[in-house]
Amino acid sequence: MAASLALASCLAAHPGLAATDLYRRLPGVTAAEPSALELAQALQRKYDAIRGFATDFVHTYRGGVLNKQLTERGRLLVKKPGKMRWEYDAPEKKLFVSDGVKIYSYVPEDKQVIVGDVPSGDRLTTPVLFLAGKGNLARDFNPSFTDLPPGAAPGSRALKLVPKTAQPDYDWLVVVVDAGTLGLRGLVYGDPQGGTSTFSFTNLKENAGLTDKDFDFKVPRGVDVVTDSSAR
């Protein structure tokens, strides 16, 4: 455990260094590969040290009650604490913004904005919230290694995370990272309806110099505003 903590501290101080190189530098560590728990701890420390990032994404959804399949594309911006902007541009325009206090969901075709509260405290009630600094991968989950999802880039590792406390929106979470740098490459999670969402990330830029204005949301003219009390 002491070696794991030392590795985590080293990753936080030098997030660009390869994880395997950091393990070799720790006293008493001879294994070339970390355990699932050690990788979760190292990944948490790395992302604790990142202020934010920007990336392109492809979102694929399969299964669910209606047994449907859908592939969408867009751009993701993240700035801690709690700020995210998911901007879908194909095949349908959609926008989901968290300004750290409120979450806005806007589909232009529906002509309405749904507004909810960002979960209070450190709760990871939605699987993507860990990207914005919520929760703790090593503390809140039971980690294990798993197979890479289809299409994952060579040199990736997949870490499956099962929440220690049952969550209403997801049953499990898989984080796909670069095996050397721990850079984020993908995210997969399963919902209680039997569906699976897979996000593949490309053109990732860590500490991309984002500002709070990137997460402002202005309600468009002529749309209805609906308050989502279930988001509180």
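The values are calculated or read from the model by the stated rules, or taken from the named source; none is laboratory data. These numbers come from a predicted model, not from an experiment. As a convention, Cβ positions derive from the backbone with ideal geometry for all residues, glycine included, and neighbour counts pool all protein chains shown. Side chains included, ligands, DNA and RNA excluded: accessible areas come from the protein's heavy atoms. Shrake-Rupley method; radii C 1.70, N 1.55, O 1.52, S 1.80 Å.
Here are the numbers:
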quantity	calculated
Number of the condition not met by Lys205 [criteria: (1) surrounded by fewer than 19 Cβ atoms within 10 Å (Cβ to Cβ); (2) out of contact with any strand residue (DSSP E or B) (no Cβ under 7 Å at 6 or more places or on another chain)]	(2)
Which numbered condition Val162 fails, given (1) surrounded by 19 or more Cβ atoms within 10 Å (Cβ to Cβ); (2) hydrophobic (A, V, I, L, M, F, W, C); (3) under 17 Å from Gly135 (Cβ atoms)	(1)
Conditions (1) at positive phi; (2) open to solvent by less than 50 Å² (accessible area, probe 1.4 Å); number of the one not met by Asn67	(2)
Hits in the range 150-196 - residues which are in contact with a Gly (Cβ under 8 Å, 6 or more places away or on another chain), of a type outside the set (A, V, I, L, M) and in a strand (DSSP E or B)	Ser156, Trp172, Asp178, Gly195, Thr196
The listed residue being of a type in the set (Lys, Arg), touching a residue at least 24 places away in the same chain (Cβ under 8 Å) and within 21 Å of Pro192 (Cα to Cα), out of Arg85, Arg157, Arg62	Arg62
In the range 48-63, the residues that are open to solvent by 20 Å² or more (accessible area, probe 1.4 Å) and farther than 18 Å from Ala153 by Cβ	Asp48, Ala49, Arg51, Tyr61, Arg62
Yes/no for Ser144 being modelled with pLDDT of 95 or more and of a type in the set (Ser, Thr, Tyr)	yes
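Every residue, every condition in (1) in contact with a Ser or Thr (Cβ under 6 Å, 6 or more places away or on another chain); (2) of a type in the set (Ser, Thr, Tyr), yes or no:
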| position | (1), (2) |
| --- | --- |
| Arg139 | no, no |
| Gly151 | no, no |
| Thr165 | no, yes |
| Tyr170 | no, yes |
| Asp178 | no, no |
| Gln193 | no, no |
| Phe201 | yes, no |
| Glu206 | no, no |
| Val226 | no, no |
